[in-house]
Structure formats: C-alpha cells, structure tokens
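Please treat every number below as a calculation from the coordinates, not as lab data. Here the structure is a predicted model, which means the values were calculated and not measured. Cβ coordinates were reconstructed from backbone atoms using ideal geometry, including for glycine residues, and neighbour counts include every protein chain displayed.
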Amino acid sequence: MSVLFANRLTVLFSALGMLLVLFVAVPLARTITASSPSLLWQTLLDPEVRGAISLTLYASFIATLLALICGVPLAYLLARVDFPGKGVVEGIIDVPVVVPHSAAGIALLMVFGRQAPLGQVFGLLGLRFVSAVPGIVVAMLFVSLSFLVNAAREGFEAVDPRLERVARTLGASPWETFWRVSFPLAWRSILSGALMMWARGLSEFGAVVILAYHPMVAPVLLYERFESFGLAYAQPVAALMILICLVTFAVLRGTTRKSRRAR
Amino acid sequence: MSLRVTDLWLDLGAFHLRGIHLEIAPGEYFVILGPTGAGKTVLLETLAGLHFPRRGQISLHGEDITRFPPERRSIGFVYQDYALFPHLSVEENIAFGLWLRRMGRKAVSERVEAISRRLSIHHLLPRKPETLSGGEAQRVALARALAIEPSLLLLDEPLSALDPGTREGLQQELVRLHRELGTTTIHVTHDFEEAVALADRIAVMHQGQIVQIGPPEEIFRKPDSEWVARFVGMRNIFRGELRPGDGNYQWLVLEGTEQPEVRMAVLTDRFGPVHASIRPEDIVLSQEPLRSSMRNSFRGRVVSILDRGTLIYVTVRVPPDRTLLKATDFTCAITRPSLEEMNLKEGMEVWIAFKASAVHVF
C-alpha cells in the first residue's frame, strides 16, 4: 500500500499494532544499547564467551547440514508424491514446533542417553551424546528441522510440475530433472529455510540444556551468568547473541525478498 | 506408420482414456479436437511417457515404446502456457535438451543458432523467459522442442493462450515449420477453425474416446454422430481462393467450383488459398430473391431439413441442379415459425443471402 489514508479504523489499528511492535523492539534495542561498544568488544574477547558462541554457530550449522541431506529429499517427496500416511509424516515433521523443548530434550535423552539403545550403539562407534557436541547437534536438529523441511516443501510446490515433465521429454532422467530444474528453482526457498533453521538452532536452550549443559552453548552460558552473577554480567552476552541473530535475520529477509521478486 | 497407438486405456483422477486407437503417418500434421476435459492433454502426456497406460501399446517407428521413460522417446512437447525454465535464458532453454545429449559446446551453439533463426527469435537468446511476450515465449518453447530433432512433436493447445493477432501469426508459422521440417506432429486443440486450418487429419475426442477420425472436410461434412455434429456446430466451412474484387471486397472462389454464381464477396485484405466459414444463423433463407444490401445472394435447392428443437437446420445446394461434387452446400439455421410460414420441403427451390461481413476467413 502506497498511501495509508487516515480513517478511524486505520488510526486505531495502527495504535494497537504499534504497541506490539514496540513490545518486541524496545527490549531488544535496550539490551543492545545498554552496554557500550567497548564492553561488547571486551565480552567478545572473553574466551569462554567466544568459545560458547562459536560452538553454538558450529553445532547449529552441523544440524542444518544434516537436515539438508535428509530434509530436502523428504520435502521433495512431500511436494510431489501422494503416498499413504503422508498426513502423518507431515504431522510428525511439525510436532517439534509444538512440544515444549525441555520435553523434547527428555525424549532425546530416552533414545540417545548412555543407557538407551541408540546411545549404546553410537557409544560403540565412539560417539557420545550426553554432555557432548553431538548431543547439542541432535537437540538443535530436533527442534528446528520443521523450518527447513516446510520451507523446502513450499519451494518445491511452487515449481510447476510441467517444467519437470518438459525436462523429461527433452531427455532428462528423473535425477537430472531434479538437479537441473526442481532444485535450482526451489533453491532460494531451501536457502531461506536453512537460514531460518540455523537461526532457530542458535537460540535453542531447553532441549540443549537437558542433553548437554556442558560444553556450554551461548544461551546456556547466558543463563549460567545470569544465575551466578546477575543481570549486569548476562546483559553483554545477551546483546551479542541478539546482534548475531539480527544479522542472520537480515540476510534471511534479503534472500526471501529476492526469491519473491524472481518469481 | 510413424506412430501406432493400440487400445490405450488410462485412468488418472478425473481423466480417462478409453480404448484409443491411432495411426499416424510419417510427416503428418494430425489434430486432436475436443472440448475441455475430453482427455486430450492426458493422451499427449501418455504418448510422451509421462503417464503409463493401464492397457494398450504405443509404438513409434515400429518400436514398442509403451514402457519407455520419457527421456528415451525423443518426443518433443509444447504446453499451452509455454513451460519455459524461468531460471534459464532463452538460449539455455533451447540448449537444454542438447546439453543432456552431451553434445559439444560448438555443436550446441550451432544448433541453437540455426533453430532460433528459423523461428525468428535469434535476437531474444540472451533474454530471460519472464521478459517475453506470449508469442515470443511460445516460439522459444517450439524451438526448445524442435532442437532435439524429435521423431514426433506434441503440441498441447499451443495457440490458446495467445491473443488473436499473435495466434494467427503463429498458426501460419506452424504451417511453415511443418512444411520445412516435415516433423510428424500431433496438435491438440478445442478450436475447430484452428484444427481445420492446420490438420491433414482430425481426430475428434470426447470423454476419453476418439469418436471420429478423418480429413477436416469429412469431419464437418459427414459427422458420424449427433455429438460430433453438435460439437463442430453444423457449420458452413469452405476451402477456396481469394481473388481481387471490387472496392473493399475480395472474391472467394470455392475450391472445385469455377462457377461465377458461387463466388462470394468477402471483406478481407488477404489473398490466396484460405478457409472461410459462415455461421448458419447469418444466412437468410427466402422463397424469392431479396432486395437488400446483402452482397451475397444465391439460388439453390433444399436438400435436407434437420430438426434440432429450437432451431431448424436447412441445407441448401448451390447451384440447384448439380450433384454435391460440383456444388456447394450451405446450412442455414431458421426458426420453427419461419419453417412453417415458408412451408419448406426437401427439393424446393429457394434463395439464400448473407452479408460479405458474415464470411469469416481463416
């Protein structure tokens, strides 16, 4: 809309809407601006903080990579093939968004814990989940994979099936059709889903804290500083985390906007 | 026989194919004509290998391809709304099938160059599909399908999404391409005039079945069934040649009748061989010659009267005393009261008249 013409309805709605916008923006802005840039810089130089932040970025990246490998094929199937139980599969993919994340952590512990069957199998391979990086990765994967799978599915659904059919008549095998037509056309949606998933993984606390309090990811470190030392110590770490997420989010908005224009 | 389809059955949601038989000769331009929902697109997609039939056989050049995947059939396909790859340039779209054939870069660009010049889209090569007009996009889609030198070209309503001016241009382009390349072509449409203008033979399709196959003239002169007759609309369709007339008019001399009495005045700026149609309701029937501004007036004889409820279709042979081979039949639609008023009977001599502007040339 280019001109917001004022009538009572739009004035009232603007006022009500603005309350909500400010409710989000003010605390974020206040946290970021509360500490001076030099204090933020010092915080970033703190090896414990730096370690936690890079661990968070890394673990979430690995989780996103795993989701890409299995989730993109799943998304393609969901977009293109009708199979019995499809609704159930779609439901399962959405469930992690609605369960409490601490409950998700407990559920993962039941499977990946040291005494649990899968935990024992992986234990033989030397892979430990509890209080270890793989535990952080599966916790992040569990709670954020819905974002990637759903975005990729929507991306594939937006590709006209006739483009794939034409590709087949031109001599492309199903495999070549996927890589030359479907994937490039859904790529922006997949990328924005991956960024969304990665950002969601970064911010995960509940599931991670149950599987792996140590090594500490940034949200856990933040919680620990708040509990042990109080607001003043937690605040610069919070500011850093918020800044990182804001940048990710800006990139995300950039890619989705471009993809909308490309269509 | 280039393509032979035997007893083809398919169920796909709301669409069905029921016992389709087709035999298409090499180089033939074959049109499948039918209303929306008849299963025409599904038939084409099945020929291309995009659906597998429940029963039946498809063979191309004597080889049974029923179970071949699409990529092994070498059948070109053009959709109504072009289906160009939006992430590729025009050039890359045309080259797509050639890349998959692992042709060398030089050979690909030569082939793209040649086919794009033939279709007059050479200047569009660097463009993205989203910047093309409908007519341009459809030429690109044609070029992409022809680039792989298909043994069969399938066109699914290729002209239906275009505006009338562009449609006529592209239709003539299709005629020219077919003449030059001789690609065996199956063209699906719901537009009767398009079918008549392009087809060597027409298959009329209804509810998943082929209900009549034959040359265009035969379909509209001798519809096999009530349904076909209704679908082709009991129209007056003629083939003839336009010759210079007087003033704004051209003379249409009908094929096989060099008689001055059956030349029609037509409002057009075209010349040469054309098809022409006149809607039955635009022809006025009378017992005496009418004094009116209508440019075309002929004496004829009633050869048949067909009662269709609200309208009566009266077929009048011009000139009156010849056999069909040397005459032209016009079908006029009249109302029941005028039928009774004139007391029309088969064999009566009557006059028919219509305006020059009632003759539609295509």
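Assuming 0.890 mPa s and 25 °C, estimate D for chain B with Stokes-Einstein, Rh taken as the Kirkwood radius over Cα pairs, in µm²/s.
D = 109 µm²/s.
Quick one: Debye curve from the alpha-carbon atoms of the stretch A:113-212 only, equal weights, vacuum; give me log10 I(q)/I(0) at q = 0.25 Å⁻¹ to two decimals.
-1.13
Share of Cα-Cα pairs in the stretch B:94-185 beyond 15 Å, in percent?
More than 15 Å apart: 60 percent of the Cα pairs in the stretch B:94-185.
Which whole-Hz couplings ³J(HN,Hα) result when phi for each residue of the stretch B:190-204 is put into the Karplus expression 6.51 cos²θ - 1.76 cosθ + 1.60, θ = phi - 60°, listed in order with x for Gly and Pro?
Going residue by residue, I get 9, 9, 5, 5, 4, 4, 5, 5, 9, 7, 6, 9, 10, 10, 8 Hz, with x marking Gly and Pro.
Return the tail of the calculated pair distribution for the stretch A:40-190, meaning the percent of Cα-Cα pairs more than 22 Å apart.
Every Cα pair in the stretch A:40-190 considered, those over 22 Å come to 55 percent.
How would A:Val81, A:Val251, A:Val181 line up from fewest to most surrounding beta-carbon atoms within 10 angstrom?
Going from sparsest to densest Cβ surroundings: A:Val81, A:Val251, A:Val181.
If packing is taken as the average count of other Cβ atoms within 10 Å, what order do A:110-116, A:64-70 fall into, highest mean first?
Result, highest mean first: A:64-70, A:110-116.
Ranked by Cβ crowding within 10 angstrom, fewest neighbours first, how are B:Lys40, B:Lys345 ordered?
B:Lys345, B:Lys40
Would you kindly work out the equivalent ellipsoid of the stretch B:131-191 from its C-alpha gyration tensor and give its semi-axes, the square roots of five times the eigenvalues, largest first in whole Å?
18, 13, 11
For the protein assembly as shown, with equal point scatterers placed on the C-alpha atoms only and solvent neglected, what are the log10 I(q)/I(0) values from the Debye formula at q = 0.05, 0.07, 0.08 1/Å, to two decimals?
-0.41, -0.68, -0.79
Please give the calculated 222 nm ellipticity per residue for chain B, where each DSSP H segment of at least 4 residues contributes -39500 (n - 2.57) and the sum is spread over every residue; nearest 500 deg cm²/dmol?
Per the formula, -7500 deg cm²/dmol.
So, by mean Cβ neighbours within 10 angstrom, what's the order for A:44-55, A:98-109 with the highest one leading?
Packing proxy ranking, top to bottom: A:98-109, A:44-55.
What are the ³J(HN,Hα) values, in whole Hz, obtained from phi via the Karplus relation 6.51 cos²θ - 1.76 cosθ + 1.60 with θ = phi - 60°, for each residue of the stretch A:72-89 in sequence order, with x given for Gly and Pro?
Karplus values, whole Hz, x for Gly and Pro: 5, x, 4, 4, 5, 4, 5, 6, 10, 10, 9, 9, x, x, 4, x, 5, 4.
Taking chain B as a Gaussian network, where each spring joins two C-alpha atoms under 10 Å apart, which residue of B:Pro35, B:Pro273, B:Pro337 fluctuates the most?
Of B:Pro35, B:Pro273, B:Pro337, the most mobile in the Gaussian network model is B:Pro337.
Fewest first, what order do B:Glu180, B:Glu349 take by the number of other Cβ atoms within 10 Å?
B:Glu180, B:Glu349
Assign one of three labels to chain A, namely rounded, prolate or oblate, based on the Cα gyration tensor with a ≥ b ≥ c the square roots of its eigenvalues; rounded applies when a/c is under 1.5, prolate when it is not and a/b is larger than b/c, and oblate otherwise.
oblate
For the stretch A:39-51, just list the computed ³J(HN,Hα) in residue order, Karplus coefficients 6.51, -1.76 and 1.60, θ = phi - 60°, integers in Hz, with x standing in for Gly and Pro.
5, 4, 4, 4, 4, 5, 7, 4, x, 5, 5, 4, x
Viscosity 1.306 mPa s, temperature 10 °C: Stokes-Einstein D of the stretch B:236-361 from its Kirkwood Cα radius, in µm² per second?
108
Under a plain spin-label model, where a point goes 7 Å from the Cα along Cα-to-Cβ, how far apart in nm are B:Ser59 and A:Cys70?
Modelled inter-label distance: 4.9 nm.
How large is the dipole of chain A about the Cα centre if only Lys and Arg carry +1 and Asp and Glu carry -1, each at its Cβ, rounded to the nearest 20 debye?
Dipole magnitude for chain A comes out near 820 debye.
For B:Ile65, which sequence-distant residues (separation of 5 or more, or a different chain) have an amide H within less than 5 Å of its own amide H, given hydrogens modelled in the peptide plane?
HN-HN under 5 Å from B:Ile65: B:Ile58, B:Ser59, B:Leu60.
DSSP beta bridges in the protein assembly as shown, what fraction antiparallel, as a percent rounded to 5?
Roughly 80 percent of the beta bridges in the protein assembly as shown run antiparallel, per DSSP.
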